[in-house]
Amino acid sequence: MREVKIAADYREFPSGIPDLLLNKKIETTLENLKAGDYLINNQILVERKTKEDFILSLITNRLFPQCEKLKRNSNYHLLIIEGNPYKTNHKINREAIQGALLSVSVAWQIPVLFSKDKNDTANLLIKMGKQMLIDKIPKLRKGYKPKKPKNQQLYFLQGLPAVGPSLAYRLFCILVRLRK
């Protein structure tokens, strides 16, 4: 069975999460990541923020450039916020926080998860890694998207598990005969 592998940015070491992952028997390495704080199974790039850091990122205009880096460096990305960002020591409007969360999740299309503490964050990272090891999760297809209806149908059929070009064509021919 394949194992969960997590690369943590070396700047995350003081957070204690890499140690928590190692204590939970998860293969964890410290690296200099281009973006994000954790890279899970070389697929999911995670930006982790405490509630205070999330608000500071918003105030100092670091949040959206970080979102851009996440999008540019992975197909799967996620923001984890530890704690309640509405309850911090900073004087910031509730609507500004809501607007930032909406921008991250809707405009940037980066899911946002909340954890209660470091241990909860470590458990979320592990669960994500285990889910990505399951072969039943569909993989995103990149590249050419056909314009003609026939080619779109063949493209769709080839996207099904274990269906290559020749089987897709045979299935397509059967479907065309059934329509007649």
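Hey, can you tell me all the residues within segment 90-130 that are open to solvent by less than 40 Å² (accessible area, probe 1.4 Å), over 24 Å from residue 14 (Cβ atoms), touching a residue at least 40 places away in the same chain (Cβ under 8 Å) and not small (Gly, Ala, Ser)?
Across segment 90-130, the qualifying residues are 97, 104, 110.
Looking only at strands (runs of 3 or more DSSP E) that fall completely inside segment 1-75, which ones have 2 or more residues that are of a type in the set (Val, Ile, Thr), under 20 Å from residue 115 (Cβ atoms) and within 14 Å of the chain's Cα centre (by Cα)?
Output list reads 44-50.
Which of the residues belonging to segment 63-89 are within 14 Å of residue 51 (Cβ to Cβ) and either open to solvent by 60 Å² or more (accessible area, probe 1.4 Å) or of a type in the set (Lys, Arg) (or both)?
Taking segment 63-89 first, the residues within 14 Å of residue 51 (Cβ to Cβ) are 63, 79-89.
Result: 84, 86, 87, 89.
State all residues of segment 1-25 that are open to solvent by less than 70 Å² (accessible area, probe 1.4 Å), closer than 21 Å to residue 130 by Cβ and touching a helix residue (DSSP H, G or I) at 6+ places or on another chain (Cβ under 7 Å); if no residue qualifies, say none.
4, 6, 8, 12, 17, 18, 20, 21 - these are the residues of segment 1-25 that are open to solvent by less than 70 Å² (accessible area, probe 1.4 Å), closer than 21 Å to residue 130 by Cβ and touching a helix residue (DSSP H, G or I) at 6+ places or on another chain (Cβ under 7 Å).
Residues 34, 49: which one is open to solvent by 70 Å² or more (accessible area, probe 1.4 Å) and without any contact (Cβ under 8 Å) to a residue 40 or more places away in the chain? Outline the logic, then answer.
Working: 49 fails: open to solvent by 70 Å² or more (accessible area, probe 1.4 Å).
34 is the lone residue from the list that is open to solvent by 70 Å² or more (accessible area, probe 1.4 Å) and without any contact (Cβ under 8 Å) to a residue 40 or more places away in the chain.
Can you confirm whether residue 54 is open to solvent by 90 Å² or more (accessible area, probe 1.4 Å) and hydrophobic (A, V, I, L, M, F, W, C)?
On the way: open to solvent by 90 Å² or more (accessible area, probe 1.4 Å): no; hydrophobic (A, V, I, L, M, F, W, C): yes.
Criteria not met by residue 54.
What single numbered condition from (1) surrounded by fewer than 19 Cβ atoms within 10 Å (Cβ to Cβ); (2) of a type outside the set (A, V, I, L, M); (3) under 18 Å from residue 125 (Cα atoms) fails to hold for residue 28?
Looking at each condition in turn, residue 28 falls short on (1).
The values are calculated or read from the model by the stated rules, or taken from the named source; none is laboratory data. Everything numeric here is computed off the predicted structure, so don't read it as measured data. Quick reminder, even Gly has a Cβ in these numbers, built from the backbone with ideal geometry, and neighbours come from all protein chains shown. Please note that ligands, DNA and RNA were not included when accessible areas were found on the heavy atoms of the full protein model with its side chains. Shrake-Rupley method; radii C 1.70, N 1.55, O 1.52, S 1.80 Å.
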